[in-house]
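Taken together, the values in this text are just the output of simple stated rules run on the coordinates, not laboratory data. Keep in mind that what you see is a predicted model, and the values were worked out from it rather than measured. Cβ sites come from the backbone with ideal geometry, for glycine too, and all protein chains shown count toward neighbours.
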Amino acid sequence: MFDHSGKVALVTGASRGIGEAAVRSLTKSGASVVLAARSTTDIERIAQEICDEGGHAEAISCDVSKYDDVEAAVSLALSRLGRLDILVNNAGVIEPVSRLETSKPSDWDKVIDINVKGVYHGLRAAVEPMLKQKSGTIINISSGAATGALEGWSHYCASKAAVLSLTRCADKEWREKGIRVMGLSPGTVATEMQVQIKASGINPVSQLDPSVHIPAGWVGEAISWLATEAGDAYLGTDCSLRDEGVRKAVGLI
Ligand code: NAP
């Protein structure tokens, strides 16, 4: 349990999986949170549950591939909650998994629009209020795919490599201005994305037994931990949740 009392967070892709877990960990630690995703019913339900438990959460329908939507989510944080301290650029997709020779250019566009441009949109929209505050933490959800290659995942691997590059560039530009930017590579996590990967049957990750995946709640806690000063060790790089030392520091094992 970490202390984020008085802080305001925005989490993209908050309707399920890692994003929902991040929302629940951050609100448990005292933060007020804006949930952004396309599944409006789901984010409104989760926000209501948090409010019923005494927390503070707002929901906004948001497609991260559209800059105006992301800007509106940042504006909501500022207008309703007064500031923006933590941005979790989590929204991401892997479907359709396909070998390069059968991949469709329009599918590539979609994955790049969400996984890469979505993260850029978050950085771009959040930076002004964070520069004004002279503080802020941005956590980009990365993957081992950022540096590894897997059959059928060319779109996903290329997109996560780009996200790692964005983490590095944003850190270079903003660290001295008080904005902390880092990535989190969670390992394999029991979410809808792993169900889709298993169904594809295309590479060794799809052959993993579901029991090896970590629960999304672990990733939520790691995000909450990175948002504390502990995250300073990972500025401009990816923190790996496969690392036993990180798991211990977060309090997971
Ligand atoms: P998930 O359960 O499939 O959730 C994906 C989330 O992204 C959903 O909330 C979805 O919400 C949102 N999303 C997708 N497209 C969006 C868009 N255009 N605009 C806004 N939100 C969008 O997958 P997950 O495992 O939690 O994945 C979360 C992040 O973790 C992704 O970046 C993924 O690459 C990364 N990751 C996952 C694993 C893993 O093993 N699961 C491993 C490494 C990295 P809506 O559909 O409601 O918009």
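Write down the Å³ per residue value for the convex hull defined by the alpha carbon atoms of the chain.
Values: hull volume 29.1 nm³, N = 253.
About 115 Å³ per residue, rounded to a whole number.
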Could you compute the FRET efficiency for Lys198 and Met1, with r as their C-beta to C-beta distance and R0 at 45 Å, rounded to 0.05?
0.85
How large is the dipole of the range 148-253 about the Cα centre if only Lys and Arg carry +1 and Asp and Glu carry -1, each at its Cβ, rounded to the nearest 20 debye?
120 debye
GNM flexibility winner over the chain from Arg38, Arg175, Arg80 (Cα, springs under 10 Å)
Arg80
Mind listing the phi-derived Karplus ³J(HN,Hα) values for the range 169-180, rounded to whole Hz, using 6.51, -1.76 and 1.60 with θ = phi - 60°, and x for any glycine or proline?
5, 5, 4, 4, 7, 10, 4, 5, 9, x, 9, 9
Work out the length of the dipole vector of the range 8-246 about its Cα centre, built from +1 on the beta-carbon of each Lys and Arg and -1 on the beta-carbon of each Asp and Glu, and round it to the nearest 20 debye.
420 debye
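So how many Å³ per residue does the convex hull of the Cα atoms of the range 166-242 work out to? Each step should come with its number before you reach the end.
Numbers: hull volume 7.7 nm³, N = 77.
Per-residue hull volume (Cα only) is 100 Å³.
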Computed over all unlike Cα pairs, the Kirkwood hydrodynamic radius of the range 41-173 in Å stands at 16.1 Å
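Apply 1/(1 + (r/R0)^6) to the Cβ-Cβ distance of Lys110 and Arg168, taking R0 = 22 Å, and write down the FRET efficiency to the nearest 0.05. If you can, show how the numbers build up before the last one.
Working: r = 25 Å, r/R0 = 1.13.
Using R0 = 22 Å, I get an efficiency of 0.35.
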Give me the compactness ratio for the range 179-223, meaning the Cα radius of gyration over 2.2 N^0.38 Å.
1.33
Here the range 112-253 gives, from Cα atoms, an Rg and Dmax in Å of 15.6, 48
Say we join alpha carbon atoms closer than 10 Å with springs in a Gaussian network model of the chain; which of Gln196, Gln207, Gln133 then has the biggest fluctuation?
Gln207
Cut-off 13 Å between beta-carbons: net charge of the residues surrounding Gly19, Lys and Arg +1, Asp and Glu -1:
0
Across all Cα atoms of the range 1-110, Rg and the largest Cα-Cα distance (Dmax), in Å, are 15.3, 52
Exposure-ranked with fewest Cβ neighbours within 10 Å first, Glu101, Glu128 stand as Glu101, Glu128
Stretched out fully, how many nm does the piece from Lys177 to Leu208 gain, at 0.36 nm a residue minus the Cα gap?
6.9 nm
How would you rank Cys157, Cys169, going from fewest to most other Cβ atoms within 10 Å of each one's own Cβ?
Cys169, Cys157
Pick out which of Trp108, Trp225, Trp153 has the largest mean-square fluctuation in a Gaussian network model of the chain, springs linking Cα atoms closer than 10 Å.
Trp108
Farthest toward positive dipole pole in the range 8-246 [+1 Lys/Arg, -1 Asp/Glu at C-beta], among Leu241, Ala9, Thr40:
Ala9
Distant-in-sequence amide H partners of Val189 (H built 1.01 Å from N, under 5 Å)
Ile214
With x for Gly and Pro, the residue-by-residue ³J(HN,Hα) of the range 15-26, computed from phi through the Karplus equation 6.51 cos²θ - 1.76 cosθ + 1.60 at θ = phi - 60° and given in whole Hz, is 7, 6, x, 5, x, 4, 4, 4, 4, 5, 5, 5
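If you look for lysine pairs in the range 8-246 that are eight or more places apart or on different chains, how many of them have Cα atoms under 16 Å apart? Before the final figure, lay out each step's value.
Values: Lys66/Lys110; Lys66/Lys117; Lys110/Lys160; Lys117/Lys160; Lys132/Lys177; Lys134/Lys172; Lys134/Lys177.
Going through the range 8-246 pair by pair, I get 7.
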